[in-house]
Amino acid sequence: MGRNQSAVVCCAVVLAVGCVLTGRASQTTGPPARLSQIDWEPALAAAEDLPRLYSLLVSHRGEISLERYYHGRDASRVANLKSASKSVISALVGIAIERGHIEGVEQPIEDFFPELARESDAHKREIAVEDLLTMRSGLESTSNRHYGAWVLSSNWVRHALTRRLLHEPGTVMDYSTGNTHLLSAILTKASGTNTRAFAQKVLAEPLGFTLANWPRDPQGIYFGGNDMLMTPRQMLAFGELYLNGGVVNGRRVVSQAWIDRSFIPRGRSHYSDQQYGYGWWIRELGGYQTYYAWGYGGQFIFIVPDLDLVVVATSSESVGARRRGHRRTLYEIVEQLVIEPVAGAAAN
């Protein structure tokens, strides 16, 4: 794919009075569900059996229909989004473009990193903002087996920029958190403030919350694409912002055009075999196109536009050999025990 191709819900009332579950769940809150005829016991039972699950929230048509916390967690506890942070960085880039801080997705990143002019590989100077958003910069990844050396380096931006160029920019997807950290550095330079301050002003404040502090690199640039912190409700608000076309309380925060572009598949991961847009993963679940932010260990924001549905799950970051089983079960819960029942009820 070349550059020119870029173009369950649970009845809380019923649960409160008649479905008292023993064990690890700590609380259930939320208004009466609109789809109260659905039996959500299978979803809740499956969630109860996940020892690493911290929260499961579902919003249908803007109303929280399920809010359940596990293992001592509650609504006030922030979750580490891990790589779901990449979807937030993508939103910030779209806002920065809309405000004129960045010219557009085709702008070469050399404009922000003049040191690329000294690179021996001239093709690096062809890397555009869009290539970082889509993980098609061509630069050797800083993730997976390369991650430790990268975050232990004295200069994360320089380390990412000086990786070998393995592919022509704009062609091959190779997942790398270094790409989104470069976007954070670009946001810092382009906005004239730091990434967190920019995010607070243009994103968190309109959504009605304050962003928690998250780590920075040795040069003080906020980590782009990892370790952002939000409560599950804040994650839900972010998902609903995209579901509602970038508008909250009548205020335009993200352009509809940016959301549309973000949800266009631009590449496919050779690890997960899932499609990727501008910081969002794309797959079909329960017969419906689903867009999702995905973080290591089981941090998710699922958006199903055709059903007016947003699902959030957070999990323990401490994972072992069973992490893939946990993730697979979460997908099954969302697909079979949330999306399919909602779709069935909506069809009646």
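Derivation of every value follows stated rules applied to the coordinates shown; laboratory data play no part. The model shown is predicted, which means the values in this text are computed figures rather than measured ones. In this analysis, Cβ positions are derived from the backbone assuming ideal geometry, glycine residues included, and neighbour counts consider all displayed protein chains.
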*Under a 5 Å amide H to amide H cut-off, with H placed in plane at 1.01 Å, what residues pair with Met173 once short-range neighbours are removed?*
Arg268
_Anchor Lys86: aspartates and glutamates whose Cα lies under 14 Å away (excluding residues fewer than 8 positions away in-chain)_ = Glu130, Asp131, Asp227
*For Gln256 and Glu317 in the same chain, what is the full-extension length gain: residue separation times 0.36 nm, less their Cα-Cα distance, in nm?*
18.7 nm
_From phi via Karplus (6.51, -1.76, 1.60), per-residue ³J(HN,Hα) for region 225-234 in Hz, x at Gly/Pro_ = x, 7, 6, 5, 10, 8, 6, x, 5, 5
_What are the ³J(HN,Hα) couplings of region 253-266, residue after residue, when phi is run through the Karplus curve with 6.51, -1.76, 1.60 and θ = phi - 60°? Round to Hz, x for glycine and proline._
10, 10, 6, 4, 4, 5, 4, 4, 5, 5, 8, 8, x, 10
*Between region 121-168 and region 184-200, how many Å separate their Cα centres?*
20
*Which of Ser191, Thr162, Pro108, positive extreme of dipole for the chain (C-beta unit charges)*: Thr162
*asked:* Using the Karplus curve 6.51 cos²θ - 1.76 cosθ + 1.60 with θ = phi - 60°, what ³J(HN,Hα) values do you get for each residue of region 144-157, in whole Hz, with x for Gly and Pro?
replied: 6, 5, 8, 5, x, 4, 5, 6, 8, 6, 7, 8, 5, 5
*Take the alpha carbon atoms of the chain, find their radius of gyration, then divide it by 2.2 N^0.38 Å using N residues; give the quotient.*
0.99
*Name the residues of region 209-242 whose amide N is less than 18 Å from a point 7 angstrom out from the Cα of Arg158 along the C-beta direction?*
217-222
*Would you list, by chain and number, the lysines whose Cα falls below 23 Å from the Cα of Lys82, excluding same-chain residues fewer than 8 positions away?*
Lys201
_Suppose each label sits 7 Å from its Cα in the direction of the beta carbon; what would the Arg77-Arg118 distance come out to in nanometres?_
4.8
*Between Glu140 and Ala212, how many nm apart are label points set 7 Å from Cα along the C-beta direction?*
3.5
